[in-house]
1. Counting other beta carbons within 10 Å of each Cβ, put GLU69, GLU199 in order, fewest first.
2. Only helical DSSP H runs with n ≥ 4 go in: add -39500 (n - 2.57) per run for the chain, normalise by residue count and round the 222 nm mean residue ellipticity to 500 deg cm²/dmol.
3. Tell me, VAL156, VAL145 in order of fewest to most beta-carbon neighbours within 10 Å?
4. Output ³J(HN,Hα) for the range 183-190: one whole-Hz value per residue in order, computed from phi by the Karplus curve 6.51 cos²θ - 1.76 cosθ + 1.60 with θ = phi - 60°, and x for Gly and Pro.
5. In a shell of Cβ-Cβ distance under 10 Å around LEU80, excluding LEU80 itself, what net charge do Lys and Arg (+1) and Asp and Glu (-1) give?
6. Across the range 215-256, what fraction of all alpha-carbon pairs, as a whole percent, falls in each successive 5 Å bin from zero upward?
7. At R0 = 25 Å, how high is the FRET efficiency between ASP160 and GLU253 if r is their beta carbon distance? Nearest 0.05 is fine.
8. Quick one: go through the range 159-192 and flag any residue whose amide nitrogen is under 18 Å from the point 7 Å out along the Cα-to-Cβ line of ASP110.
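All of the numbers you see were taken from the coordinates with simple rules; none came from a lab. The structure displayed is predicted, hence computed values, not measured ones. Here the Cβ positions follow ideal geometry from the backbone for every residue, glycine too, while neighbour counts run over all protein chains shown.
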Amino acid sequence: MLAKNPLTTLTKISTSANAGGYFFIKQTHSTNALLREMLNEYKLPEKFLVRTDFQMAGKGQSGNSWESEAGKNLLFSMALYPSQIAIEEQFIISQLVGVAIKKTLDKQADGFSIKWPNDIYWNDKKIGGILIENTLQSGRIIWTVIGVGLNINQKVFISDAPNPVSLCQITGKHIALKPILNDICKNISNLYILMDYSEIRKDYFKYLYRKEGFHLFRAEGETFEARIDKIYPDGKLELETKTGKKRGFYFKEVEYVIS
């Protein structure tokens, strides 16, 4: 159980409505886990944020670990109550967040993309990841926790992650964290308020990593060349091989081959 109600120490990120509240903790197990705990105990405002300087057990999609040097990067989670989104279309949340982050990073440099399903890339290197956790009840989404890890000022990576990069390494300068956070929140808020499924899906597809041409993929021990043909509303990736064969994959069923 939480020691105290986080709302008693609530501070606003800004005077805008881009965040419903802001709770900072120096370090925590994971911001997603902490925010889920808060949601189970309190009625938090929509777009409530939890941010930390250091996660002791940060996770990515499907339990992958996330390396982040203390105080150098953006590590935060946001709560939404998207009951209007059908369960079979819940991937729109991940698409929305990916598009929001891409729009923010584009103001800093060129070369950013969204690697299906929910990684943020700069050229062939990973700068960030998104972890969406939905709580479902009676066929609807009760609440969603959006977790974001974004490498901002870290210069040295010591884990066995194959291709990390930070915004500082890309731009060659130190980056203030709060303006980046505020801009991502603004973009998420704007996209969420409008909730234009068609526009979000169009932008997500437009921003996809390796969207153009044929590239190497690996599935079930087989490496093959294919191009991205379609992303279905439930997140399914459809690839087309050079022979014209269509192959569909869900999360973790296929991987990009990146040298």
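1. GLU199, GLU69
2. Per the formula, -7000 deg cm²/dmol.
3. Ascending Cβ contact count within 10 Å gives the list VAL156, VAL145.
4. 5, 4, 4, 4, 5, 4, 4, 4
5. 0
6. Answer for the range 215-256: a P(r) of 6, 24, 37, 25, 8, 1 percent.
7. 0.65
8. Correct set: 170-172.
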